[in-house]
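In what follows, a single structure is set out as C-alpha cells and then discussed.
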Amino acid sequence: MKEELTTDQQIRRKTIKAFVGFGLASLVPIGVWKWINSRPELNNTLAPLRKTLEFNERLTGKLLADSHLAPTFPLSQAQKKVRVNGSEGLLSPIEKDYKVKIESGDNIFEISLDELKALPKQEIVFEFKCIEGWSQVQHWAGVRFVDVMNHYKIGQKDADNLYKYVGMETPDDKYYVGIDMPSAVHPQTILAYEMNGKPLIDKKHGSPLRLIIPVKYGYKSLKRIGVIKFSDTRPKDYWALFGYDYFAGL
Ligand SMILES: Nc1nc2c(c(=O)[nH]1)N[C@H]1C(S)=C(S)[C@@H](COP(=O)(O)O)O[C@H]1N2
Ligand SMILES: [Mo]
C-alpha cells in the first residue's frame, strides 16, 4: 500500500529536494562540471598515466563538490583603485627571465609566465578580505591552480594520493604561505597575472604573478610567487609564525 503523506510532510519533502538541488547547483558552476567532464586531451594520454589522471580528477572533482564558493560580484562593482597591504619579499628586483620553480617530489622544474598564460584564463570579481579589518571588491584573472596541477601532472604523491599541502614562497623567501590541498584545488584559487583586466605590472600587488585565494583571508594570497612546493607536512607560513590562524578560512 502506498504511504500516505500529510500536506506538511509533502511540503517538507519538496522543500528538501529543492534545497538539495539548488544547493548542489550553486556549489559548482557549470564551467567546473564542463572542466571535470570534458578534458579531451586525456583521450590521447598513455593508459597508465590516464588512470592516475582520472583518479586525480575524481578526487579533485570530489573536493570541488565538497567546497563552498566565495560570493562573486558584477564587474562594475570592482574597485579601480586596489588597496595595497604588505611588502615582505617584494623589495628585490624582479628577474628579467621570471620563472616559477616547482618542486613536486623528484619532479623539479620551472614554468614561465608565457606557459601559464597559454592555459585557460579564469577571471574573478570577489571581496578581498584583509584580517586587519578592510575589504574590497576586486577583479583578478589568471590560471586556476588546479589546472596547473593537472596540466603539469604535479602535486600527486602517488597513484592514489595528492600531497596534503602546497607551500608558496617569494623568490627571496622573505614571505611564504602554506595552503591545504582542498583549498589549493578550489575552483576559485588562481595564480593571477592580471588585475582590473590589465597585466599585473605593479610590484606592490605582486607582479608578475601572485596567488589569489578567495576562500581565505588576504594574508594567504602571496604576492610574487617564486617557488611552489608540495608536501605532506605543513609548509612554513609567515603570519602563522606570528600566531595567526594557519588555515585562515572565511
Ligand atoms: N609577498 C607578500 N605577499 C603578501 C603580503 C606580503 O607582505 N608580502 N601581504 C599579504 C596581506 S596581509 C594581504 S592583505 C595581501 C594584500 O594584497 P594587496 O597589496 O594586493 O592588496 O597580500 C598578502 N600577500
Ligand atoms: Mo592582510
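Projecting label points 7 angstrom from Cα along Cα→Cβ for residue 159 and residue 68 puts them 3.7 nm apart.
When only alpha carbons are used to place a centre, region 97-132 and region 193-209 end up 12 Å from one another. Solvent-accessible surface of protein heavy atoms, probed at 1.4 angstrom with all chains present, puts 132, 169 in the order 132, 169, largest first.
For region 128-250, the relative contact order works out to 31 percent when only alpha carbon pairs closer than 8 Å and six or more residues apart are counted. Each Lys and Arg Cβ is given +1 and each Asp and Glu Cβ -1; about its Cα centre, region 112-250 then shows a dipole of about 200 debye.
A simple spin-label model places the labels of residue 107 and residue 123 3.1 nm from each other, with each point 7 Å out along Cα-to-Cβ. Here the peptides 149-156, 103-110, 124-131, 210-217 are ranked by packing, the mean other Cβ count within 10 Å, and the order with the highest first is 210-217, 149-156, 124-131, 103-110.
The values are calculated or read from the model by the stated rules, or taken from the named source; none is laboratory data. All figures in this text were calculated on a predicted structure; none of them were measured in a lab. Counting neighbours? That spans all protein chains shown, and the Cβs are built from the backbone with ideal geometry, glycine included. Keep in mind that these areas ignore ligands, DNA and RNA; they rest on the heavy atoms of the full protein, side chains included. Shrake-Rupley method; radii C 1.70, N 1.55, O 1.52, S 1.80 Å.
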